[in-house]
Amino acid sequence: MSSYHHGNLRQVLLMEARQQLHKSGAEKLSLRALARAVGVSQTAPYRHFSDKETLLVSLMTEGFAELDQCVASAEQSSESIDDELVHAGLAFVAFASANPELYKLMFGPLLAKKEDYPQLKEKALGSLGRLQGIISRKLQSTDQELIWQTTINATALVHGHASMSIDGMPACNRQTGEPIDLHKALKAFADGINA
């Protein structure tokens, strides 16, 4: 074991955890294996993460921050509200495709415990809030229930496409067998709002 001292061990551990998550999934992550991989004592990671769950929550929190940045970039490059909605959905699915194991972790069972982790809750709701803002502008309504229901429907659409994509199940047209064009599907959803 190296006696190398890391100036920012927490960040080094998170970067290594992200690599291991990508290779093997969340189930195989362990604090001891991370310690070995970065060359520190087996107890060193516990100064930053009390257990595996807190490590996973930290990865999820970072993931939601990255997802929010992807959606924000897509939103800013759009010329209309409909484009914002389409580009946000495409960015969401692209993020999932580029980070499949992180995405599965972010939207897995641990998310239900977000009330126990304020930073995770803030980041998770932040990315949903960005989509809700687009929907609110599209609807031009003050009906919060309508805005929320439409946001959940939009989220279900992109989450479904993202999950199918990373699980290797492309959405196909029933008549032709051709892959569904996600851009067209999102545009149809946007066109259906206020129809």
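Glu115 meets all of the listed conditions (1) buried (at least 19 other Cβ atoms within 10 Å of the Cβ); (2) under 20 Å from Val57 (Cα atoms); (3) charged (D, E, K, R) but one, namely (1). Whenever a residue of region 143-161 is outside the structural domain of Ser127 (by the TED database), it has no partner that is modelled with pLDDT under 95 lying with C-beta atoms less than 9 angstrom away and at least six residues away or across chains.
Matching residues to (1) surrounded by fewer than 19 Cβ atoms within 10 Å (Cβ to Cβ); (2) touching a Cys at 6+ places or on another chain (Cβ under 7 Å); (3) of a type in the set (A, V, I, L, M):
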| residue | (1), (2), (3) |
| --- | --- |
| Thr54 | yes, no, no |
| Gly89 | no, no, no |
| Leu105 | no, no, yes |
| Gly108 | yes, no, no |
| Gly129 | yes, no, no |
| Arg137 | yes, no, no |
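Remark: Gly63 matches the filter, which requires a residue to be under 19 Å from the mean Cα position of the chain (by Cα), of a type in the set (Gly, Ala, Ser), in the same structural domain as Gln132 (by the TED database) and surrounded by 13 or more Cβ atoms within 10 Å (Cβ to Cβ).
Of the helices (runs of 4 or more DSSP H) lying entirely inside region 2-90, those containing at least 3 residues that are over 30 Å from Thr151 (Cα atoms) and of a type outside the set (Val, Ile, Thr) span 9-24, 31-38. Is it the case that Asp82 is touching a Gly at 6+ places or on another chain (Cβ under 8 Å), of a type outside the set (Phe, Trp, Tyr) and either in contact (Cβ under 8 Å) with a residue 12 or more places away in the chain or in the same structural domain as Met169 (by the TED database) (or both)? So Asp82 fails the test. Of all the listed residues (Leu9, Leu13), the sole one being modelled with pLDDT under 95, over 21 Å from Phe95 (Cα atoms) and under 26 Å from the mean Cα position of the chain (by Cα) is Leu9. Look at (1) touching a Leu at 6+ places or on another chain (Cβ under 8 Å); (2) closer than 24 Å to Gln20 by Cα and you find that Ile134 fails only one, number (2).
Taking region 98-169 as the region of interest, the helices (runs of 4 or more DSSP H) fully inside it that hold 1 or more residues being over 16 Å from the mean Cα position of the chain (by Cα) and not hydroxyl-bearing (Ser, Thr, Tyr) are 118-139, 144-166.
Is region 50-59 home to any residue that is more than 17 Å from Leu120 (Cβ to Cβ), among the polar types (S, T, N, Q) and in the same structural domain as Ser127 (by the TED database)? Within region 50-59, not a single residue is more than 17 Å from Leu120 (Cβ to Cβ), among the polar types (S, T, N, Q) and in the same structural domain as Ser127 (by the TED database). On the given criteria, is Gln140 free of Cβ contacts under 8 Å to residues at least 12 places away in the same chain and out of contact with any helix residue (DSSP H, G or I) (no Cβ under 7 Å at 6 or more places or on another chain)? No: the conditions fail for Gln140.
Residue-level check: of (1) within 27 Å of Leu111 (Cα to Cα); (2) loosely packed, with under 13 Cβ neighbours inside 10 Å; (3) in the same structural domain as Ala162 (by the TED database), Gln19 misses just (3).
The values are calculated or read from the model by the stated rules, or taken from the named source; none is laboratory data. Note that this is a predicted model, so its numbers are computed, not measured. Backbone-built Cβ (ideal geometry, glycine too); neighbour counts: all protein chains shown.
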